[in-house]
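Worksheet: one structure, shown below.
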Amino acid sequence: MKKYYSPLRYPGGKGAIASSLADIILSNNLEDGSYFEPYAGGAGAALYLLFNGFVNEIYLNDADYNIYAFWDSILNKCDAFLAKVETVDLTIDEWHKQKKIISSPSQHSKLDIGFATFFMNRCNRSGIVNNAGPIGGYSQAGKWKIDVRFNKYNLSKRIRKISQFKNQIHMFNLDAIDFLKQQLPKGKKREGSFIYLDPPYFVNGKKLYLAFYNDSEHKKLSDYIKRQKIVSWVMSYDNVVEIKKLYSVFNIYEFSLNYSLQEKRIDKEILIVPDKIFLPQSIKISENNLQLSMAS
């Protein structure tokens, strides 16, 4: 049975490749350093690495204030957040209340916004906070109802565990490049750090994320990464020609990932790896295709 670490359902979430990231960290002697994820989202991979002792500290960032508010709330106001989880009504009336909070964030506290984000993520189709309707539809006439992904006991258990590690989790709400510039160690101290980048998709990013990228922002990220000679990193992206051109100076491998939006399917994505990163034997390479070990 698959073990879930994040309380969030996240479009394109990469928790599935966490064990491959762990193997890369161990094979490159990076286990005593810090882990940085500038596009945290559900942070499934980061939590897997922290909980299982592969890294000592994780630095998470998300430019979407709603997602940031969720993480900040469970790290700093865990008891109040859990009280909301345990008492909330899982109904369409409540869905409309939480939708209003998401739609007018300036009128509400960070805790309320964080919880509303969590509620919509668990109760909306495919976990999309914005621009998606509730599971089961507004009439709740579907096979699945609004509460099908909101198991209060299991979700509260995940949130409590994250809170236990709060001193090793650092959360930010910045532009991804600004986050890396501000939080990465300086100079040679970067040698022990590891970055996992999972930017918004080049295709369909606008549909999936509030903080999506335009073409110039994808280019800006590639220019920044090309300048990084000391820090270790890997990056996953959607498998499109435009991205392969931007990162053509690096090693690019295709891999398959189970992915679900309106229907379950398997998509090809790419893993971008600089020459300095050694890929362990657990990651099988065949004609520029990877077979990744999936976290269980």
Legend entry - Test set (1) modelled with pLDDT of 95 or more; (2) under 28 Å from K220 (Cβ atoms); (3) assigned to a helix (DSSP H, G or I) - F118 fails condition number: (2)
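Does Y68 count as surrounded by 18 or more Cβ atoms within 10 Å (Cβ to Cβ) and not in a helix (DSSP H, G or I)? Steps first, please.
Values: surrounded by 18 or more Cβ atoms within 10 Å (Cβ to Cβ): yes; not in a helix (DSSP H, G or I): no.
No: the conditions fail for Y68.
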Legend entry - Among (1) part of a loop (DSSP other than H, G, I, E, B); (2) crowded, with 18+ Cβ neighbours inside 10 Å - the single one V85 does not satisfy: (1)
Inset, instruction - Take the residues in the stretch 92-145 that are of a type in the set (K, R) and crowded, with 16+ Cβ neighbours inside 10 Å, then tell me which one is nearest to Y4 (Cα to Cα). - result: R122
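Counting just the residues of the stretch 148-159 that are closer than 24 Å to N52 by Cβ and in contact with a Leu (Cβ under 7 Å, 6 or more places away or on another chain), which one comes out surrounded by the fewest Cβ atoms within 10 Å (Cβ to Cβ)? Give the derivation first.
Initial filter on the stretch 148-159 (closer than 24 Å to N52 by Cβ): 151, 153-159.
Those still in the list that are in contact with a Leu (Cβ under 7 Å, 6 or more places away or on another chain) too: 156, 159.
Values: S156: 16, I159: 19.
My answer is S156.
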Inset, instruction - Kindly list the number of the only condition in (1) at pLDDT 95 or above; (2) under 19 Å from the mean Cα position of the chain (by Cα) that fails for V203. - result: (1)
Legend entry - Filtered residue count, the stretch 226-242, keeping only those that are modelled with pLDDT of 95 or more and touching a strand residue (DSSP E or B) at 6+ places or on another chain (Cβ under 7 Å): 5
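Determine whether the stretch 36-46 contains at least one residue that is within 26 Å of L111 (Cα to Cα), in contact (Cβ under 8 Å) with a residue 24 or more places away in the chain, part of a helix (DSSP H, G or I) and touching an Asp or Glu at 6+ places or on another chain (Cβ under 9 Å). Working first, answer last.
Initial filter on the stretch 36-46 (within 26 Å of L111 (Cα to Cα)): 36-46.
The next check asks that each one be in contact (Cβ under 8 Å) with a residue 24 or more places away in the chain; those that pass are 36-46.
Keeping just the survivors that are part of a helix (DSSP H, G or I) gives 44-46.
Cutting the leftovers down to touching an Asp or Glu at 6+ places or on another chain (Cβ under 9 Å) gives us 45-46.
Yes; the residues of the stretch 36-46 include at least one that is within 26 Å of L111 (Cα to Cα), in contact (Cβ under 8 Å) with a residue 24 or more places away in the chain, part of a helix (DSSP H, G or I) and touching an Asp or Glu at 6+ places or on another chain (Cβ under 9 Å).
So which of L75, L30 is of a type outside the set (F, W, Y), surrounded by fewer than 24 Cβ atoms within 10 Å (Cβ to Cβ) and assigned to a loop (DSSP other than H, G, I, E, B)? Explain how you work it out, then say what you get.
Values: L75 fails: assigned to a loop (DSSP other than H, G, I, E, B).
That would be L30, the only listed residue that is of a type outside the set (F, W, Y), surrounded by fewer than 24 Cβ atoms within 10 Å (Cβ to Cβ) and assigned to a loop (DSSP other than H, G, I, E, B).
Conditions (1) closer than 20 Å to Y68 by Cα; (2) in contact with a Leu (Cβ under 8 Å, 6 or more places away or on another chain), marked per residue:
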site: I101; (1), (2): yes, no
site: S104; (1), (2): yes, no
site: Q107; (1), (2): yes, no
site: I113; (1), (2): yes, no
site: N121; (1), (2): yes, yes
site: G127; (1), (2): yes, yes
site: A132; (1), (2): yes, no
site: G137; (1), (2): no, no
site: I146; (1), (2): no, yes
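What is the residue count in the stretch 208-225 for residues that are of a type in the set (G, A, S) and at pLDDT 90 or above?
So the answer is 2.
The values are calculated or read from the model by the stated rules, or taken from the named source; none is laboratory data. Just so we're clear, the structure is a prediction, and the values are computed from it rather than from any experiment. A quick note on method: Cβ atoms are made from the backbone with ideal geometry, for glycine too, and the neighbour counts reach across all protein chains shown.
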